[in-house]
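Derivation of every value follows stated rules applied to the coordinates shown; laboratory data play no part. Please read all numbers here as calculations on a predicted model, not as lab measurements. Glycine also receives a Cβ, built like all others from the backbone with ideal geometry; neighbour counts cover every protein chain displayed.
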Amino acid sequence: MMAAQGVEMDRSTLARSAGYAAHLIDPIYNRLRELGRKRNKLHTDDTHIPMLDPGTGMTHKAFPWTYVADDRNPGSTEPPIAWFRFTTGRGG
């Protein structure tokens, strides 16, 4: 996106910026997960995708996990909750 605007940025700068952003939203993520795990019904999906390992040029499986908690019945005021997690394995 930056290159399309004519702005050159090192990969390390972009990665550091993403890390800072993730750190800032971590409390929000943790609260969503905490609230969602208290719900009566929790739906999840762990479809695997190939992930490139830049150091080797090879790919391996990675898992973007999707969690959705939606206990709404007619007339309920409780909002649905969704959160996501990315892992390089199925463990944990």
Scanning region 40-92 for residues that are on the phi > 0 side of the Ramachandran plot and within 20 Å of the chain's Cα centre (by Cα) gives 92
Counting only strands (runs of 3 or more DSSP E) entirely within the chain, those with at least 3 residues that are surrounded by 10 or more Cβ atoms within 10 Å (Cβ to Cβ) and of a type in the set (D, E, K, R) are none
